[in-house]
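Novice: Please find one structure pasted underneath; my questions will follow.
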Amino acid sequence: MAQQYSSAAVVMGHNALTRAIRHAEARDLVGRNVAMLVETPKGQAGRPSKSLSLEQASALLAAAEGTRMHAYIALCLATGIRTEEARALRWEHVDFGDPVANPPVPASTAVWRSVRSHGDTKTEKSRRTLALPEMAVNALWAHQKRQAGDRAAAGMTWSDRDLVFSTRTGASLDAANVRREFRTVCTAAKIGGNWTPRELRHSFVSLMSSSGVPVEEIARLAGHSNTRTTEVVYRRELRPVLTTGAEAMDRLFPSSSVPVRGTRRQRMKSGHKASSAAR
């Protein structure tokens, strides 16, 4: 396994083997559990996740418009929900809101389920209710109308599971379905076909961070149990320069001097000329 699979997959395989032999050991079928006596070998390095730039994300949304993947891409990109949460999402957990109510009721989605065993989310904090931006609301409206057409066409063969994202007969989607259709849209958007649906979540974190949203708030939106997960797993997507302190101090101590511009090399070159003139 270590020659073909990632380290995480090898660990799971080793754990499964250890448990299996433990059952055999309890039944006196083996003398001892040899799997517990060896270290788990290191597997292959996985492909690091990447995130879409704002231009790439816009191109992807434009290419997806009018397709069955538009609402899926818009929702995952706009809210950062996991692919396993999106595939388990039901219409009963989507609230289109009421903007004319007093006070207005925002559109939202309750992320309470996933395709994991027993329908549980990854962690307790993964259960969250997220407000929906306008682009996601519009995409879901159009998707609901398209699905109504699918239901009418399917007739008695329609599987009524109330799923937001389903096949043409209402059945649940599997990961392979989503990957295949997602890559088709990526190719149409001319951003390359080597993207995966889970990278919409990474893109959400990247776009939030570049917009100045604090990492604590990003962790809450993404449903992470703590900010360490956000910082460690999504470290490439987080803004590398923390600007909050500098911006606050600039407000406290406004400077009237003209700021120094130019690249570091240009400044070094200027300094070198000045020192040469002094000599």
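Novice: Could you check the spin-label model distance between ARG180 and ASN15? Points 7 Å from the Cα along Cα→Cβ, value in nm.
Specialist: 3.1
Novice: Let me ask another. For ALA24 and ALA248 in one chain, what is 0.36 nm times their gap in residues minus the Cα-Cα distance, to one decimal in nm?
Specialist: 74.3 nm
Novice: Considering amide H positions built from the backbone, and no H for Pro or chain starts, which residues 5 or more places from ARG90, or on another chain, come under 5 Å of its amide H?
Specialist: VAL164
Novice: Another question about this same structure. Of THR196, THR40, which has the most accessible area and how do the rest follow, probe 1.4 Å?
Specialist: The ranking, largest first, comes out as THR40, THR196.
Novice: For SER6, enumerate residues with amide H under 5 Å from its amide H, sequence gap 5+ or separate chain, H modeled in the peptide plane.
Specialist: Amide H neighbours of SER6, under 5 Å, 5+ apart: GLN44.
Novice: May I ask you to order 161-172, 197-208, 27-38, 215-226 by the average number of other C-beta atoms within 10 Å around their residues, highest value first?
Specialist: Descending packing order for the listed peptides: 197-208, 215-226, 161-172, 27-38.
Novice: Tell me, what is the per residue accessible area of segment 119-195 in Å², probe radius 1.4 Å?
Specialist: 59
Novice: Now for a separate question. Taking R0 as 25 Å, what's the FRET efficiency between ASN102 and MET135 from their Cβ-Cβ distance, rounded to 0.05?
Specialist: Step by step, r from the Cβ atoms, then E = 0.50.
The values are calculated or read from the model by the stated rules, or taken from the named source; none is laboratory data. Keep in mind that what you see is a predicted model, and the values were worked out from it rather than measured. Note: ideal-geometry Cβ built from the backbone for every residue, glycine included; neighbour counts use all protein chains shown. These area figures cover heavy atoms from the full protein model, side chains too; ligands, DNA and RNA do not enter into them. Shrake-Rupley method; radii C 1.70, N 1.55, O 1.52, S 1.80 Å.
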